[in-house]
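In what follows, a structure is listed as structure tokens, so that the remarks can point back to it.
Where a number appears in this text, it was derived from the coordinates with a stated rule and is not lab data. Model, not experiment: these values are computed from the prediction. FYI the Cβ positions are ideal-geometry reconstructions off the backbone, even for glycines, and counts take in every protein chain you see.
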Amino acid sequence: MNPDQSLQSEARTKPFAAISPKVLIALIASLQFTYILDFMLVLPLGPDLAKGLNFHGNQVAWLTASYTFASLLSGLFTVPRLDRFDRRKALLWSLVGLALASLACTLAHDLPSLLLGRAVAGLCAAPAIATGMAILIDQTPPPQRGTAIAKVMTGFSIATIAGIPLALELADHFGWQAPFVLVAVLVVLVAFAVAHLLPPLTAHLQGPAGKPSLAMLSRPGVRLATLLQGLNQFSAFLVIPSFSAFYLLNLDYPRQQLGTLYLVGGLVALGAMQLAGRLGDRHGHWLPVGVASACFAVGLLPFFGLSALPLMLSFVLFMAGNAARTVCLAAAISHVPAPPERAGFMALQKMTQDFSVALAAGAAALVLGGGDGPLTHTGLLATLAIVGAGLVLWVLERLRRNLQPPA
């Protein structure tokens, strides 16, 4: 069987374990929430971390870079290995490492020690999220994956709506270490749930072995899926880390209303993801991705100095468009790998995501410059993001054609 066309095979055979879909979705959504909170934490905490550990505010980007590059290295190591193990055990060991790394961050006394803690967290987070998504895809029939992934991706919105504001409040009352303790506690709770709710997951070991290491990239479908993932993350993270600074420094948006901005954006994104997932399952992914990309682009109009829409509406459109697009692309990509190689494939996608985020952060730093005061060249940055969003549509169409069974 050609693994690029595994959709047809899975429709005929259903090797799904007896796990309640609702329980599984809730469990992987909790994992997604914890991962997103851990990944995003240092961006809003940047000023507190810089003050507490006595480093310059513009060095906060190094913390994101250390996390993503470590996650990238972890992906290189785990791509050929994750599918050799019981998925439940692989997930548990990754979560144990992530909890310990988060606790280690609370012991940091300067920037280098915190960089080390964040790097170890990135090493453990990559196989955790890759294995979790592989479990979800293993247990979900292909026609229902868009809806299931949309529900799991609510973890992203909830992290924005509740996780980040809670972390900021904890840091304000108990110090910058408190949010890392929160992450560690959440990781332990997820690990406890995995240990008690999931049975051993070894069905993928019974079929023929998937292609080793990065040899999967020899297949056109895998290459297109990887390019799609990279373009999606690159176009989004060109602008995501700069949104708060841009609104505060360039648009004089009130600091006290920033939390409300993210709350409303997260709530709307939550609904947009559910709608996009259902539309993708019923009508294909290209149309909802197209609409989402249009919202993504309109939300960037303030970066060009255009104020045709209220700032709140522009932000909400960007958040909703980015979230809806990500859900649909994740569902489209899920049809590419065969079950015996699924965790390795997801690790490859995670590795691509990390590389793209790091590349986008570097590109944004070059475009925006490092001076004080309002950000410069924001129009160029937004243009690059919109061009990337357009390329996503082109690659998605090519992937759709690749996955079609031969006539």
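Taking 7 Å along the Cα-to-C-beta vector as the label spot, tell me the Leu359-Val181 distance in nanometres, rounded to one decimal.
Once both label points are built, they end up 4.1 nm from each other.
More than 25 Å apart: what percent of Cα pairs in segment 164-323 qualify?
Here the long-distance tail beyond 25 Å is 55 percent of all Cα pairs in segment 164-323.
Sort Cys105, Cys124, Cys328, Cys295 by Cβ crowding within 10 Å, fewest neighbours at the top.
Listed from fewest to most nearby Cβ atoms, that is Cys295, Cys124, Cys105, Cys328.
Gaussian network model of the chain, Cα springs within a sub-10 Å range: biggest mean-square fluctuation belongs to which of Tyr247, Tyr35, Tyr67?
The residue with the greatest mean-square fluctuation here is Tyr247.
What's the Kirkwood radius of segment 17-205 in Å, using all Cα pairs?
One decimal place: 16.9 Å for the Kirkwood radius.
Specify the residue with the greatest mean-square fluctuation among Ser314, Ser356, Ser71, computed from a Gaussian network of the chain linking alpha-carbon atoms under 10 Å apart.
Result for the chain, Cα springs under 10 Å: Ser314 fluctuates most.
Gain in length, Leu73 to Leu248, computed as 0.36 nm per residue apart minus the alpha-carbon separation, to one decimal in nm?
Length gained between Leu73 and Leu248: 59.5 nm.
I'd like the FRET efficiency for Lys51 and Leu116, computed as 1/(1 + (r/R0)^6) with the beta carbon distance as r and R0 of 25 Å, rounded to 0.05.
Calculated transfer efficiency: 0.80.
Taking only C-alpha pairs under 8 Å that are 6+ residues apart, what is the relative contact order of the chain in percent?
RCO, the chain: 27 percent.
How far apart, in nanometres, would the label points at Ser20 and Trp286 be if each is projected 7 angstrom from Cα along the Cα-to-Cβ direction?
Between Ser20 and Trp286, the label points sit 4.0 nm apart.
Would you calculate, for the chain, the mean residue ellipticity at 222 nm contributed by helices, counting each DSSP H stretch of 4 or more residues as -39,500 (n - 2.57) and dividing by all residues, to the nearest 500?
That comes out to -23500 deg cm²/dmol.
Please work out the ratio of the alpha-carbon Rg of segment 301-353 to 2.2 N^0.38 Å and round it to two decimals.
1.69
Using a 10 angstrom cutoff on alpha carbons, build the Gaussian network for the chain and name the most mobile of Gly271, Gly52, Gly321.
The residue that fluctuates most here is Gly52.
Once you place label points 7 Å from the Cα toward the Cβ at Leu366 and Leu301, how far apart are they in nm?
3.1 nm
Kindly express, to the nearest 10 degrees and within the range 0 to 90, the angle between helix 111-139's C-alpha long axis and the longest C-alpha principal axis of the chain.
Compared with the principal axis, the helix lies near 30 degrees.
Any idea what the relative contact order of segment 214-406 is, in percent, if you count C-alpha pairs under 8 Å spaced at least 6 apart?
It comes to 40 percent, rounded to a whole number.
If I take R0 = 22 Å and measure r between the Cβ atoms of Arg401 and Ala215 in this structure, what FRET efficiency does the formula 1/(1 + (r/R0)^6) give, to the nearest 0.05?
The formula returns an efficiency of 0.45 here.
At 10 °C and a viscosity of 1.306 mPa s, what translational diffusion coefficient does Stokes-Einstein give for segment 214-406, taking Rh as the Kirkwood radius over Cα pairs? Give it in µm²/s as a whole number.
The Stokes-Einstein estimate is 91 µm²/s.
Give me the percent relative contact order of segment 17-205, please, defined on Cα pairs under 8 angstrom at least 6 residues apart.
Value for segment 17-205: 40 percent.
Percent of Cα-Cα pairs more than 30 Å apart in the chain, please.
Value for the chain (Cα pairs over 30 Å): 37 percent.
Mind checking the alpha-carbon convex hull of segment 223-305 and giving the volume per residue in Å³?
Per residue, the Cα convex hull of segment 223-305 comes to 99 Å³.
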